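Colleague: Here's a structure for you.
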């Protein structure tokens with residue numbers, strides 16, 4: 001069976017939905033961050049697939065450059081997000097997002 | 001050959017991603033997330049993006065994986081694990097809705113390929129991407145030099161921000 005751009009885009013959509021479900025339905029902040037990483041990876045797969053299949057017989061590299069920038073931002077986001085989680089853990093002794101409601105109105 | 005690799009990597013990736021969401025043990029979930037990152041690197045190789053596959057292994061499977069495992073070890077609560085919250089069913093419905101929308105759009109769109117590329121950098125399929133990625137990033141006409149510099153400032157800001165956040169104030 002020939003694998004084309006639709007296969008990669010649907011794979012990316014499935015991975016994004018799994019990440020979205022986990023990010024919405026989990027209570028542990030570290031697991032939510034892991035699910036956000038899954039969603040970023042799904043977007044990267046879609047970008048690289050477009051970069052490969054947009055022009056026939058050649059690879060147009062703009063999508064791959066975008067994927068590199070997304071990886072940079074994801075690394076920064078993971079570092080700051082985990083630092084915030086560790087700061088929350090220090091003050092409240094758990095990382096349950098339902099109990100971190102200090103700013104709730 | 002590419003087809004077989006694609007299906008094996010897809011099964012591995014979806015299986016480990018589902019396990020990341022469903023497992024109660026956070027540490028095992030993190031290890032399976034790293035497996036998922038490796039599968040994504042394989043998918044990049046099937047898409048002729050070998051430089052990105054190497055970067056994926058180094059940054060995601062290496063750096064972010066280690067960072068996540070450190071955070072889990074510093075914060076984990078053994079008896080609680082990783083439970084679902086009370087929005088479990090609505091979240092499942094919303095993500096299935098998002099999935100159905102994207103799949104519907106992807107299937108119903110006719111993906112045309114352009115015959116003539118714009119001034120963006122292209123490369124033949126059977127070569128290594130590293131030189132061409134460098135050209136695409138730093139080309140003086142269609143390159144991304146300013147975003148590259150901004151990304152380095154962003155990384156510096158994230159570094160300083162993370163240090164300030166976890167610093168002991170006593």
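Colleague: Tell me the helices (runs of 4 or more DSSP H) entirely within the stretch A:1-103 that contain at least 3 residues that are facing chain B (nearest Cβ under 7 Å) and more than 21 Å from residue B:61 (Cβ to Cβ). Talk me through it step by step, then tell me what you get.
Modeller: Numbers: elements: A:5-25, A:29-53, A:62-92.
Passing ranges, in order: A:5-25, A:62-92.
Colleague: I'd like the residue in the stretch A:23-33 that is free of Cβ contacts under 8 Å to residues at least 24 places away in the same chain and out of contact with any strand residue (DSSP E or B) (no Cβ under 9 Å at 6 or more places or on another chain) and, out of all such residues, is surrounded by the most Cβ atoms within 10 Å (Cβ to Cβ).
Modeller: The selected residue is A:31.
Colleague: Considering every residue within the stretch B:104-125, establish whether at least one is in contact with a helix residue (DSSP H, G or I) (Cβ under 8 Å, 6 or more places away or on another chain) and in a helix (DSSP H, G or I).
Modeller: Yes, the stretch B:104-125 contains at least one residue that is in contact with a helix residue (DSSP H, G or I) (Cβ under 8 Å, 6 or more places away or on another chain) and in a helix (DSSP H, G or I).
Colleague: Does the stretch B:120-132 contain at least one residue that is modelled with pLDDT of 85 or more, within 23 Å of the chain's Cα centre (by Cα), on the phi < 0 side of the Ramachandran plot and more than 9 Å from chain A (Cβ to nearest Cβ)?
Modeller: So in the stretch B:120-132, the residues modelled with pLDDT of 85 or more come out as B:130-132.
Going one step further and asking which of them are within 23 Å of the chain's Cα centre (by Cα), we end up with B:130-132.
With on the phi < 0 side of the Ramachandran plot added as a condition, the list becomes B:130-132.
After this cut, where a residue has to be more than 9 Å from chain A (Cβ to nearest Cβ) as well, the list is B:130-131.
Within the stretch B:120-132, one or more residues are modelled with pLDDT of 85 or more, within 23 Å of the chain's Cα centre (by Cα), on the phi < 0 side of the Ramachandran plot and more than 9 Å from chain A (Cβ to nearest Cβ).
Colleague: What are the residues in the stretch B:34-83 that are facing chain A (nearest Cβ under 7 Å), surrounded by fewer than 16 Cβ atoms within 10 Å (Cβ to Cβ) and at pLDDT 90 or above, if any?
Modeller: Residue satisfying the conditions is B:63 alone.
Colleague: Just to check your reading of the model, which residue among B:91, B:63 is in contact with a strand residue (DSSP E or B) (Cβ under 9 Å, 6 or more places away or on another chain) and in a helix (DSSP H, G or I)? I'd like the intermediate steps shown before the answer.
Modeller: Working: B:63 fails: in contact with a strand residue (DSSP E or B) (Cβ under 9 Å, 6 or more places away or on another chain).
Just a single option satisfies the conditions, and that option is B:91.
Colleague: How many of the residues making up the stretch B:131-170 are exposed (fewer than 11 other Cβ atoms within 10 Å of the Cβ) and in contact (Cβ under 8 Å) with a residue 12 or more places away in the chain?
Modeller: Adding up the residues that qualify gives 1.
Colleague: Can I ask one more? May I ask you to say which residue of B:103, B:107 is within 8 Å of chain A (Cβ to nearest Cβ), modelled with pLDDT of 75 or more and loosely packed, with under 12 Cβ neighbours inside 10 Å? It would help to see each step written out before you state the result.
Modeller: Working: B:103 fails: loosely packed, with under 12 Cβ neighbours inside 10 Å.
Criteria check complete, one pass: B:107.
The values are calculated or read from the model by the stated rules, or taken from the named source; none is laboratory data. It should be emphasised that the depicted structure is a prediction, and the values quoted were computed from it without experimental measurement. For neighbour counting, all protein chains shown are included, and Cβ atoms are generated from backbone atoms with ideal geometry for every residue, glycine included.
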